[in-house]
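Enquirer: Sharing a structure with you now.
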Amino acid sequence: MSAIADTGTTVHAGVRALALALLATLVFVAHDGLAQRWRALGVFDQYNVLFDADPNQRLGCFAHGWQQEGRSIQHPNLCNFINPPVRALAKGLASVGGDSEEALREAIALRILPAAGTLNTLAVYGIATFAGMTFLPALLLAALSASAFSGLVFFSIPDHFGLGGLSLTLAFLLGLADLRAGHLRWPRWLALAVLTAGITITNLLGCAAVACCVLRRSSTWRSALSRAALLMVVAVAANLVLQKLLNLAYHAEGGDLATTVQFTQSYLRADPLATLARFPLALAEAIAPATVGTVAARLAATPETRYLFAFSLEAVPMALGFGLALAGIGALALAGGVRAGLGGTAAGSALLPAALLLLAWNGALHAVWGNEYFLYSQHWQAAVWFLFALLLRRHAAPRITAALAAYTLLVAAHNAAAIGHMLDTLLAAPAR
């Protein structure tokens with residue numbers, strides 16, 4: 001009987017591994033395929049076409065490391081962290097023949113975000129299982145995260161948004177793992193905090209908030225807050241030192257305060273309160289937007305400008321119908337997750353304050369500063385999937401799993417149609 005039981009367990013584990021491997025492969029292929037389509041259409045050759053993102057700057061940053069944009073105060077070590085391993089891998093591949101190192105660097109750089117999206121999907125599965133979800137619902141939640149509109153867009157373009165989102169997803173995963181272990185594993189948190197701050201400095205608050213919630217389980221709030229603050233200070237200091245050292249290799253300079261102030265002032269919102277009122281809708285639209293519209297390009301056209309418009313979710317009137325229904329379901333699920341976490345009985349509910357802080361921080365920050373909420377949606381997506389996990393771990397009935405499967409399929413189909421509409425819009429743009 002023991003041998004039979006062991007065999008059954010092994011087969012079961014094998015099925016899980018196979019299902020996860022299949023999902024990971026599908027996610028990578030989807031993101032990579034979309035990245036190739038964006039690039040073929042020239043989207044990566046200019047600023048702002050995709051919701052004000054700047055892949056034209058980031059692709060060079062990832063591949064070659066020279067762009068100053070990846071060494072600003074906002075993104076202290078984006079180029080410094082990403083480019084060295086890209087160069088090392090390209091050099092190794094070039095040594096066995098094939099393309100030049102430069103071409104290989106660009107090919108590798110283009111696949112960094114699809115790889116990050118794949119890892120993010122697996123991390124969401126980890127969050128779901130640590131939160132107490134069973135295998136199939138956890139797999140479906142991971143698939144839903146990969147199908148969400150925010151993930152489809154920002155894990156298919158070379159920019160910092162998806163990488164920042166991944167760092168916060170890893171924070172929730174590590175937090176849940178440490179809650180189960182019963183203590184905070186400082187070396188891992190230091191590494192993650194340095195990485196998070198190096199990619200996008202404002203995301204460090206979310207990372208530290210999760211660590212603080214873990215520390216609170218074995219200490220007072222005062223002690224937990226002080227140690228989380230220390231984590232932030234060490235992460236910022238480490239990034240400053242690493243930036244100085246790594247910039248020497250590229251003969252580059254760090255971001256200066258005057259440029260940062262000028263940049264910040266240019267993105268201040270005119271009506272923060274009206275913008276903040278839209279944030280609940282932005283949470284749902286990051287999963288499945290009702291419509292995707294276009295606005296006039298923010299920058300003046302040059303002879304090299306191919307597209308005179310940019311995609312936007314905020315510049316079009318909200319349409320009723322299928323998309324709005326999908327967004328509404330997502331909003332209700334988030335509210336349910338908050339309620340489940342407030343019950344205090346769900347595994348990992350200790351991290352609820354961090355999830356709520358992450359949502360509040362991004363809602364408030366980007367009501368005051370930024371272009372449109374969707375551009376920063378990856379900065380709060382980890383909290384969204386954590387709240388989904390808190391809700392769904394309490395409802396493991398087959399009908400709930402079936403409903404989650406149906407919702408995931410509908411979201412995937414709806415967002416595929418939205419992406420298709422965007423591609424058609426790009427194809428229809430007159431040549432310049």
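Enquirer: So, in nm, how far is label residue 229 from label residue 365 when the simple model puts each one 7 Å beyond its Cα toward the Cβ?
Expert: 1.9 nm
Enquirer: Testing the spin-label approximation: label points 7 Å from Cα along Cα→Cβ at residue 248 and residue 99. State their distance in nm.
Expert: For the pair residue 248/residue 99, the computed spacing is 3.3 nm.
Enquirer: With a ≥ b ≥ c taken as the square roots of the eigenvalues of the C-alpha gyration tensor of the range 36-104, please select rounded if a/c is under 1.5 and otherwise prolate if a/b is larger than b/c or oblate if it is not?
Expert: Oblate, because a/c is 1.5 or more while a/b does not exceed b/c.
Enquirer: Label points 7 Å out from Cα along the Cβ direction at residue 241 and residue 424: separation in nm?
Expert: The two pseudo-label positions are separated by 5.6 nm.
Enquirer: Pick out, from 192, 155, 144, the residue whose Cα sits farthest towards the positive end of the charge dipole of the range 81-213, with +1 on the Cβ of Lys and Arg and -1 on the Cβ of Asp and Glu.
Expert: 192
Enquirer: In nm, what is the difference between 0.36 nm times the number of residues separating residue 417 and residue 40 and their Cα-Cα distance?
Expert: Using 0.36 nm per residue and subtracting the Cα-Cα distance, I get 133.8 nm.
Enquirer: Hey, another quick one. How do the peptides 207-216, 369-378 rank, highest first, by the average count of neighbouring beta carbon atoms within 10 Å per residue?
Expert: By packing density, highest mean first, the sequence is 207-216, 369-378.
Enquirer: Taking 0.36 nm per residue of sequence separation and subtracting the Cα-Cα distance, how much length would be gained by fully extending the chain between residue 177 and residue 274, in nm to one decimal?
Expert: Here the segment from residue 177 to residue 274 would lengthen by 31.1 nm.
Enquirer: Still on this structure: Of all accessible surface on the range 53-170 at a 1.4 Å probe, what whole percent is carbon and sulfur?
Expert: Answer for the range 53-170 is 65 percent, counting heavy atoms of protein chains only.
Enquirer: While we're on this one: Report the Cα centroid-to-centroid distance between the range 22-41 and the range 142-158 in angstrom, as an integer.
Expert: Here the two parts' Cα centres lie 10 Å apart.
The values are calculated or read from the model by the stated rules, or taken from the named source; none is laboratory data. Note that this is a predicted model, so its numbers are computed, not measured. Cβ: placed from backbone, ideal geometry, glycine included. Neighbour counts: every protein chain shown. Heads up: the accessible areas ignore ligands, DNA and RNA and are worked out on the full protein's heavy atoms, side chains in. Shrake-Rupley method; radii C 1.70, N 1.55, O 1.52, S 1.80 Å.
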